[in-house]
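The values are calculated or read from the model by the stated rules, or taken from the named source; none is laboratory data. The structure presented is a predicted model; accordingly, all values stated were derived computationally and were not measured. Neighbour counts are summed over all protein chains in view; Cβ atoms, including those assigned to glycine, are modelled from backbone coordinates with ideal geometry. Protein only, heavy atoms only, side chains kept; ligands, DNA and RNA dropped before computing areas. Shrake-Rupley method; radii C 1.70, N 1.55, O 1.52, S 1.80 Å.
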Amino acid sequence: MKLPALFSLLLVALPLHAFTVVKDVSLPPVEKMVLFDKKTPPAEITFFNKGKYPFERGPDGSLVVRISGNDTVDTGFGWAANPKLAPSFSVTEHAAVLITFRLEGANRSTFGNGQVNSRRADNLWNAFILYDENQKEVARAGLADGAPGGKTPSETISLRIPMIVFTYWGVNPRPPIHGFGFQWNGTPNATNNTRDYTLIIDRVVVVD
């Protein structure tokens, strides 16, 4: 076999994306644990927050994080209070986490004449987080890594993030997961460049 032909076969065999954007498919993922849904009663989830921007419930029941400055975001929720769910899950026993969400907004700069300039980078370098029972980070996966065009989604999509894709920072064995959340490093010394974003999560599901 000629080398160019062999190289082409190798390219076809390699995966192109680590995440999957889930739309209308004939065989949807098998849902194992619905960690959060817009219909989840308030008493069945608990919030924890290590920064300035906490999770709140939106008017339709969604999870909302309002980010109106440059401080670090580190906020999450747990589901142990939900009597229908186990208090934790193992990343070795399930295939992926399916998240339906969007991140609206942009960075705003205000000039001396009062004009406001808005700018949004394609990849905002923020992440979904898996936490242990002590609310310590176990693993992370970037919001943009598997989204169409490598862009942090500004419109609602469903991302299927395989467990193997989360970065575990050398944690072994993988501890049980008790919480899910969102992190975004801050730039507290930034001047005239302020984040103005809203993260909206409609659903978080562990799937096979």
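Name the longest site-free stretch of the chain, where the excluded sites are trypsin sites (Lys or Arg not before Pro) in a DSSP loop with no more than 13 other beta-carbon atoms within 10 Å. So the longest stretch without any such site is 137-208.
Length gained on full extension, SER90 to ILE164: 25.4 nm, using 0.36 nm per residue less the C-alpha separation. Note: relative contact order over the chain, using C-alpha pairs below 8 Å and six or more positions apart, is 35 percent. Of all the options PRO176, PRO29, PRO83, the one that moves most in a Gaussian network model of the chain with Cα springs shorter than 10 angstrom is PRO83.
Helical runs assigned H by DSSP (4 residues or longer) give the chain a calculated mean residue ellipticity at 222 nm of -1500 deg cm²/dmol, each run adding -39500 (n - 2.57) before division by the residue total. Across the chain, the longest run free of exposed loop sites, meaning GluC sites (Glu not before Pro) lying outside DSSP classes H, G, I, E and B with no more than 16 other Cβ atoms within 10 Å, spans 1-92.
Restricting segment 63-132 to chymotrypsin sites (Phe, Trp or Tyr not before Pro) that sit in a DSSP loop and have at most 11 other Cβ atoms within 10 Å of their own Cβ leaves PHE111, TRP125. Would you work out what percent of the accessible area of the chain, with all protein chains in place, is carbon or sulfur (probe 1.4 Å)? Using a 1.4 Å probe with all protein chains present, the chain comes out at 55 percent carbon and sulfur. Among the listed options (i) 180; (ii) 169; (iii) 134, the one matching volume of the Cα convex hull per residue in Å³ as calculated from these coordinates is (i). Computed from backbone phi, the HN-Hα couplings of segment 170-179 come to x, 6, 7, x, 5, x, x, 9, 10, x Hz, rounded to whole numbers (Karplus: 6.51 cos²θ - 1.76 cosθ + 1.60, θ = phi - 60°; Gly and Pro given as x).
Per residue, segment 32-207 exposes an accessible area of 48 Å² to a 1.4 Å probe, with every protein chain left in place.
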